[in-house]
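The values are calculated or read from the model by the stated rules, or taken from the named source; none is laboratory data. Predicted model only: the values in this text are computed from it and were never measured. Cβ: placed from backbone, ideal geometry, glycine included. Neighbour counts: every protein chain shown. Each accessible area value is taken on the protein alone, full model and side chains, heavy atoms only, with ligands, DNA and RNA left out. Shrake-Rupley method; radii C 1.70, N 1.55, O 1.52, S 1.80 Å.
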Amino acid sequence: MNERDFYSERQETKPIPLVCPSCKKEDTYPIRWMVRTKKNELPRGASEEDRKHFAAARSYMVRVDELVACRKCRKRFELTGQSVVLTGTADPSLREQDPENFGNR
């Protein structure tokens, strides 16, 4: 069974404040994320190995955009930082983290 069978996917755009490394201007840019949410139940026809993988699966977000163009100097700069963010965690203290805080600051 494919890993994509365990998740429902959708694209989401989040505004993230970034600083241009060339002109040092801070601005908010729309960054695209692929949100993969774990399905509530296991798909039909799953083997015992698939059940183990599904039990360990967690919801997460993957950043789609890798480059951003500065609005002032128009130079493109690469996004650094975390490109994968876990969203559905069992630990409540980790659930409070905002994925918008991961970026070029």
Practice task
Name the lysines eligible as straight-distance cross-link partners of K52: C-alpha to C-alpha under 25 Å, and not fewer than 8 places from it in the same chain.
Solution key: K38, K39
Practice task
Quote the FRET efficiency, to the nearest 0.05, computed for K25 versus A55 with a Förster distance R0 of 35 Å and r equal to the Cβ-Cβ distance.
Solution key: 0.15
Exercise for the section: Return the distance in nm (one decimal) between the two label points of a simple spin-label model at R76 and L42, each offset 7 Å from Cα along Cα→Cβ. Expected result: 4.4
Handout entry: Carbon and sulfur %, accessible surface of region 14-88 computed with the full protein complex present, 1.4 Å
Key = 49
Problem - Residues with amide H under 5 Å from that of C70, placed H, sequence gap 5 or more - result: K75, R76, F77
Handout entry: Solvent-accessible area per residue for region 1-67 (1.4 angstrom probe, square angstrom)
Key = 65
